[in-house]
Amino acid sequence: MPSDFIPPSGELQRVAEEISLLRRDFQAAVASLGRMEKRLKASFPAYSPKKPVKKANSGQLQSGKTADQLNSDFDSLLVATKEGGDVGFESAISDFPDTDVIALAHQLGIGSLKTTSTKKAREGVRKRVQESLMLSSTRKKTVEQADEPNPHAFGTSGISPAEQARMPETSGDR
Amino acid sequence: MSEQQPPKTIATINFKGGVGKTTVTWCLGDLISTYGDANTLLFDLDAQMSLTQAITLNEDGSRFRKFSEWSERSEKKGKTIFKAIEEYTSGKKFDFGINHDFIYSITDKYHFIPAIEDLYWLELNVFDQQKMQGFIRDLLGKITWSKNVPDYRYALFDCPPSFTLLSYSVLSVCDLILIPVNPDFYAVKGVPLILNTLQMRIEPFPIPKIAVFMNKAKPYAGGMTKESQFYWREVQRVCAQASKQAGLKVKCLEAPIYDRAAIKRAVTTGGVPSDFVPDFKRLWDEITTFLYAK
């Protein structure tokens, strides 16, 4: 019975044909764009293609804060968010100059100093704060549990009640 | 007659899979036996047998003849860790002979006790749990006093990513628990979990020293990326809390191991890649400084 699948040599031929078609379309599109640009130049002699927009912050000053200062800023954001939730975060971060927000995001491993927008930096910092708070909530649970008498700890018998219940009656046999 | 000293015992554990427990444990053993003069004994306690299989395989995926022949002989003679557990928990006198049918020589100074698939039975609690607690302690005692094998300065344990009876037996007797973490949220979140569990499960035995280090750190310009640094600071926060409030001796080791493909392949290619020996030496120096500190 013949295979339902195209053999590799046939597949290669099909892909080559598709590439050829794409190339033709691409060349037609480029030619069309060129013609449009010529027509525009003829109608508007002063026209020049739009220059690429400068990347965000490329002309801005950079924060003068050290890594330690930025880490301390992060801690203060943590406290503000812990106490006031999203509103607390927004309120605290709005006190920071844009350059510091971008530097803080960079310090937390998000984006670069030169290309990251303030909006993106702010969202990045928010994400890191959320992560840190989630880790803190686990920490709190851990400490509380550790302080409590532990029902699962191995006592003098060496076996917790839950484990005793799970143990087969033939425990010890092979 | 000089008094025999038991080896210093280090157990590598983390409940999160894929953090690099096996590779790091093997690399540290390889490092101290190759670049130092310490006889080192490595245990694979994970029923998944990752370390054992990695040692069995060459880089091309074929089985390493010397080890596979030894392994078959060892199983035929009943010299596996599973048989040792069976004998230990049987209620009879623990008279398991220690020799090189039980311990495989990777090199002159680097020796290995492999895992075996039968270790999965441990998960089913078929053994007497109370008796299992002392298994590793008594096995190490036998190894220490055996004339058939050298004196080991270090015993390294590659523990499974769960709390099996065997890992409990190791953790209640070891000198240091080594926890590798990775620079990602889930790996860091696992740290308080394991610290909590260690305390709950090891009590009433004294909790060993605990060392945490950053494994698979993302490298950038001779250090860690900012993102890796962020997660490392989070690890330090978590550990500081545990140290302060739960009374655990947790040390965050400052020497990271970077995420490099050559390190991942280190077990099957035969050694710690020379480019990364300084990183592992720094880590080991920190481990031993903490281990021997009063």
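For the reader, a short list of remarks on this structure follows.
Residue by residue, here is whether (1) in contact with a Gly (Cβ under 7 Å, 6 or more places away or on another chain); (2) assigned to a loop (DSSP other than H, G, I, E, B) holds:
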site	(1), (2)
B:Ile10	no, no
B:Thr22	no, no
B:Thr25	no, no
B:Asp30	yes, no
B:Ser33	no, no
B:Leu41	no, no
B:Leu51	no, no
B:Phe67	no, no
B:Lys79	no, yes
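- When the residues of segment B:172-186 are filtered to those that are surrounded by 22 or more Cβ atoms within 10 Å (Cβ to Cβ) and over 15 Å from the mean Cα position of the chain (by Cα), the one that is farthest from B:Ile116 (Cα to Cα) is B:Pro183.
- Candidate set: segment B:166-195, residues that are assigned to a helix (DSSP H, G or I) and free of Cβ contacts under 8 Å to residues at least 40 places away in the same chain; chosen: the one nearest to the other protein chains (Cβ to nearest Cβ): B:Lys189
- Scanning segment A:97-112 for residues that are more than 16 Å from the chain's Cα centre (by Cα) and either within 10 Å of another protein chain (Cβ to nearest Cβ) or within 13 Å of A:Ala67 (Cα to Cα) (or both) gives A:Asp100, A:Val101, A:Ala103.
- Test result for B:Asp101, over 19 Å from the mean Cα position of the chain (by Cα), away from every other protein chain (no Cβ under 14 Å), of a type outside the set (S, T, N, Q) and over 13 Å from B:Ile81 (Cβ atoms): no
- Filter result for B:Lys226 (crowded, with 18+ Cβ neighbours inside 10 Å, touching a Ser or Thr at 6+ places or on another chain (Cβ under 9 Å), within 14 Å of chain A (Cβ to nearest Cβ) and free of Cβ contacts under 8 Å to residues at least 60 places away in the same chain): no
- Selection status of B:His111, more than 18 Å from the chain's Cα centre (by Cα) and within 20 Å of B:Ser33 (Cβ to Cβ): no
- Scanning segment B:227-253 for residues that are in a loop (DSSP other than H, G, I, E, B) and in contact with a strand residue (DSSP E or B) (Cβ under 8 Å, 6 or more places away or on another chain) yields B:Leu248, B:Lys249, B:Leu253.
- Residues (crowded, with 17+ Cβ neighbours inside 10 Å and among the charged types (D, E, K, R)) located in segment B:146-171: B:Arg153, B:Asp158
- Flag for B:Ile85 being surrounded by 20 or more Cβ atoms within 10 Å (Cβ to Cβ), assigned to a helix (DSSP H, G or I) and within 14 Å of chain A (Cβ to nearest Cβ): yes
- Test: residue in segment A:92-99 that is hydroxyl-bearing (Ser, Thr, Tyr) and surrounded by 21 or more Cβ atoms within 10 Å (Cβ to Cβ): no
- For the condition free of Cβ contacts under 8 Å to residues at least 60 places away in the same chain, within 14 Å of chain A (Cβ to nearest Cβ), hydrophobic (A, V, I, L, M, F, W, C) and assigned to a helix (DSSP H, G or I), B:Trp121 qualifies.
- Residue match in segment A:83-97 (condition: β-branched (Val, Ile, Thr) and modelled with pLDDT of 90 or more): yes
- Taken as a whole, the structure places B:Ser74 among residues that are more than 14 Å from chain A (Cβ to nearest Cβ), surrounded by 16 or more Cβ atoms within 10 Å (Cβ to Cβ) and either part of a helix (DSSP H, G or I) or not aromatic (Phe, Trp, Tyr) (or both).
- Residue among A:Gly172, A:Gly158 that alone is facing chain B (nearest Cβ under 10 Å), surrounded by fewer than 17 Cβ atoms within 10 Å (Cβ to Cβ) and at pLDDT below 75: A:Gly172
- Whether a residue is more than 14 Å from chain A (Cβ to nearest Cβ) and at pLDDT 95 or above was assessed, and B:Cys252 passes this test.
- Residues satisfying the stated conditions in segment A:77-86, i.e. over 16 Å from A:Glu123 (Cβ atoms) and surrounded by fewer than 13 Cβ atoms within 10 Å (Cβ to Cβ): A:Val79, A:Glu83, A:Gly85
- The requirement of being modelled with pLDDT of 90 or more, over 18 Å from B:Tyr186 (Cα atoms), surrounded by fewer than 16 Cβ atoms within 10 Å (Cβ to Cβ) and more than 14 Å from every other protein chain (Cβ to nearest Cβ) is satisfied by B:Tyr292.
- Subset of segment B:122-145 [over 18 Å from B:Phe94 (Cβ atoms) and either surrounded by fewer than 16 Cβ atoms within 10 Å (Cβ to Cβ) or hydroxyl-bearing (Ser, Thr, Tyr) (or both)]: B:Glu123, B:Leu124
- Residue identified as surrounded by 22 or more Cβ atoms within 10 Å (Cβ to Cβ), more than 10 Å from chain A (Cβ to nearest Cβ) and either over 18 Å from the mean Cα position of the chain (by Cα) or not aliphatic (A, V, I, L, M) (or both) among B:Ala211, B:Ala221, B:Ala217, B:Ala242: B:Ala217
The values are calculated or read from the model by the stated rules, or taken from the named source; none is laboratory data. As the structure is a prediction and not an experimental result, all values here were calculated from the model. Cβ sites come from the backbone with ideal geometry, for glycine too, and all protein chains shown count toward neighbours.
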